[in-house]
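**Student:** The structure under discussion is supplied below as structure tokens; questions concerning it will follow.
The values are calculated or read from the model by the stated rules, or taken from the named source; none is laboratory data. The model shown is predicted, which means the values in this text are computed figures rather than measured ones. Here the Cβ is made from the backbone with ideal geometry for all residues, glycine too, and neighbour counts use every protein chain on show. Surface areas here come from the heavy atoms of the whole protein model, side chains and all, with no ligands, DNA or RNA. Shrake-Rupley method; radii C 1.70, N 1.55, O 1.52, S 1.80 Å.
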Amino acid sequence: MLTGFLAASTGCWALDAAREDAGTLVRETVYNELHDHDRHGYWRYWVQQHTQNGTRMEEQVETVDGPVGRLLLENGQPLDEQGEQLERSKLVTLRNSPSEQANRRQAYHEDEQRIGRVLALLPDAFTYQDAGIENNRRHLRFVPNPKYSAHSMEARVFHQLSGDLWIDVRMKRLHRLEGRLNDDVSFGYGMLGRVNKGGWFRLVRTQVADNEWKTERLEVHMSGKALLLKTIDHDTSEVRGGFEAVPPAMTFQQGLKVLEQTVAARQAAMATGHVSPAALVVERTSGPGQ
């Protein structure tokens, strides 16, 4: 009986979501995302980064002033004693350096503001076309809205993307967003800079608690030239997992203590064979449409 009721309820959510105006759905979803940003919980998790030299995996703990992290694996292997000493030294420096803490705090808040500005563009900068319901997520395809006028370089680049958006129909939360730059974007007729066509990004979000969503995968691959021939090379590839809640609004000092405990527990589990480093490695994905 309960199973049938849940199935029927899920069907109603999907049906309502399929009937709702796409623009309204996107606007309500962005509202939820931006307001969640203001009152979200705090978490610890591992982050795997793909670089030109291989993979790096670190543990991160969120604090009120941004995350603190410590390298755990490099190319799938635990650090040697020299690497361990270097990581310990970095954390001691952070713990004792108000200026480095201030720099991290500023960088974190700038990143948060940038994410908010990009999300705020979604309702107006694009037009949307339905592509169906997939696993209780509404799939929308988007192209630049010709009526939208971008007022910053950041907005101009984002506005030229075309791609796909998946929205959780029950909670109206962003599940997946990906796009590709189909044309070069020039500034000052190319004299101030250019972002090359073919660049792409992917953002995947996952539900980690009743009302909490976190970024599970982030891919950003853009290139071009800026003023004075400076090369623009934004190449980010991250996967996150193992989300566990931590006390809210911790300071850097409190977060570092939790981080040290988390790393010690992870290292002990690997040393006793309870967790295999290889089990944590996630393959890098290709771009949209590839």
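**Student:** Which residues' amide hydrogens lie under 5 Å from the amide hydrogen of M171, considering only partners 5 or more residues apart or on another chain, with H built in the peptide plane?
**Tutor:** Placed amide hydrogens put nothing under 5 Å from M171.
**Student:** Got a number for carbon plus sulfur as a percent of the range 107-248's accessible area, 1.4 Å probe? Provide the component values of the computation, followed by the final result.
**Tutor:** Details: 3810 of 7560 Å².
Whole-percent figure for carbon plus sulfur exposure: 50.
**Student:** Roughly how much of I115 is accessible, in Å² to the nearest 10, using a 1.4 Å probe?
**Tutor:** Counting only protein heavy atoms, I115 exposes about 80 Å² to solvent.
**Student:** What FRET efficiency comes out for the pair D210/V64, r = Cβ-Cβ distance, R0 = 25 Å, nearest 0.05? Could the numbers behind the result be given before it?
**Tutor:** On the way: r = 22 Å, r/R0 = 0.88.
According to the calculation, E is roughly 0.70.
**Student:** While we're looking at this one, here's another question. Sticking with the crude label model, points 7 Å out along Cα→Cβ, report the distance from R114 to R19 in nm, one decimal please.
**Tutor:** 4.2
**Student:** Hey, rough spin-label estimate for E238 and S99, points 7 angstrom out along Cα→Cβ, what's it come to in nanometres?
**Tutor:** For the pair E238/S99, the computed spacing is 2.6 nm.
**Student:** Something else about it: To the nearest 0.05, what FRET efficiency results for V220 and R141 with a Förster distance of 22 Å applied to their C-beta separation?
**Tutor:** Working: r = 20 Å, r/R0 = 0.92.
That pair, V220 with R141, gives E of 0.60.
**Student:** Across the range 71-77, in residue order, what do the Karplus-derived ³J(HN,Hα) couplings come to in whole Hz, using 6.51 cos²θ - 1.76 cosθ + 1.60 with θ = phi - 60° and x for Gly and Pro?
**Tutor:** For the range 71-77, the Karplus-derived couplings read 5, 10, 10, 10, 6, x, 10 Hz, x marking Gly and Pro.
**Student:** Under 28 Å Cα to Cα from K90, which lysines show up? Leave out anything in the same chain fewer than 8 places away.
**Tutor:** K214, K257
**Student:** Something else about it: What length, rounded to one decimal in nm, is gained on full extension from Y148 through to K90, with 0.36 nm per residue of separation minus their alpha-carbon distance?
**Tutor:** Working: separation 58, 0.36 × 58 = 20.88 nm, distance 4.55 nm.
Extra length from Y148 to K90 when fully extended: 16.3 nm.
**Student:** Please give every one of the lysines within straight-line cross-link reach of K225, meaning a C-alpha to C-alpha distance under 16 Å, and leave out same-chain neighbours fewer than 8 residues apart.
**Tutor:** K197
**Student:** Amide H neighbours of Y42 under 5 Å, at least 5 residues apart or on other chains, H built in the peptide plane: list them.
**Tutor:** Long-range HN contacts for Y42: V246.
**Student:** Here's a follow-up. H35 to L79: FRET efficiency via 1/(1 + (r/R0)^6), r the Cβ-Cβ distance, R0 35 Å, to the nearest 0.05?
**Tutor:** Values: r = 40 Å, r/R0 = 1.13.
The calculated FRET efficiency here is 0.30.
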